[in-house]
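Written out below as structure tokens is the structure these notes cover.
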Amino acid sequence: MSEAILEKPTTTDAVILHLRPGLEMSDEQFFLLCQLNRDLRLERTAQGDLIVMPPTGWITGNRNAEITRQLANWAKTEGLGIVTDSSTGFKLPNGADRSPDAAWVRRERLAALTREQKEKFIPLCPDFVIELRSPTDNLETVRAKLAEYIANGAQLGWLLDPLERKVYVYRPNTPVEIMEQPESISGAPLLAGFTLDLREIWEPNI
């Protein structure tokens, strides 16, 4: 029998730096800042605040790799979209720069972008996003991020919470669905044929 992985929330959270009105950072400057500080995960809110997040712990990193692996394997076979991991930035329509833990974008939307745009944070919201709550994440903060993705065009969003073994499902114009201790979750109809096996997310094989 596998040993349950128990993690407790800690009080550590991301650092938020308020830049405006004293400092205005262009998209080019923010992208360069991210390239110069690759050991940090940087995001920017629609209000221009800079969010500094440290690297994740090993268990969270292992979980995130498993999520991306399953999604990428499905996308490779299905062929209609492209998967990115947590290091990929997106410039949302509201002006925020976000990096979901995993994301999927339809190929036809990517085809409308130039090669230069794809080299940086692409100016669109993913069709599908996954956020994985780590022990240092404030739940309401992560839930607000999911709501922001939906408000900016995402068609489906999942917040995976290993601490409580819950999945929060976000869709446009639909109340948030909360699943208690599911072993899997289906992406249909948007991601037809994709089912995320949550057993190794709840209890990583480490």
Which of 71, 160, 32 moves the most in a Gaussian network model of the chain with Cα springs under 10 Å? 32
What number, rounded to the nearest 500 deg cm²/dmol, is the helix-based mean residue ellipticity at 222 nm of the chain, given -39500 (n - 2.57) per DSSP H run of at least four residues and division by all its residues? -8000 deg cm²/dmol
Does the chain classify as rounded, prolate or oblate by the C-alpha gyration tensor (a ≥ b ≥ c root eigenvalues; a/c under 1.5 gives rounded; else a/b over b/c gives prolate, otherwise oblate)? oblate
On full extension of the chain, what length is gained from residue 117 through residue 38, given 0.36 nm per residue of separation minus the C-alpha to C-alpha distance? 26.5 nm
In percent, how large is the relative contact order of the chain, given Cα pairs closer than 8 Å and 6 or more residues apart? 18
Please identify the helices of the chain, taking whole runs of DSSP H, that span at least 15 Å along their own axis as judged from the Cα atoms and have a mean Kyte-Doolittle score of -0.5 or higher. 139-151
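Among 125, 34, which comes first, second and so on when ranked by fewest other beta-carbon atoms within 10 Å?
34, 125
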What number of lysine-lysine pairs in the stretch 15-202 show an alpha-carbon separation below 25 angstrom, given a sequence spacing of 8 or more or placement on distinct chains? 9
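Every read-out reported here was derived from the displayed coordinates using simple, explicitly stated rules and does not represent laboratory data. Since we're looking at a predicted model, the values are computed, not measured. Neighbour counts run over all protein chains shown; Cβ positions are idealised from the backbone, glycine included.
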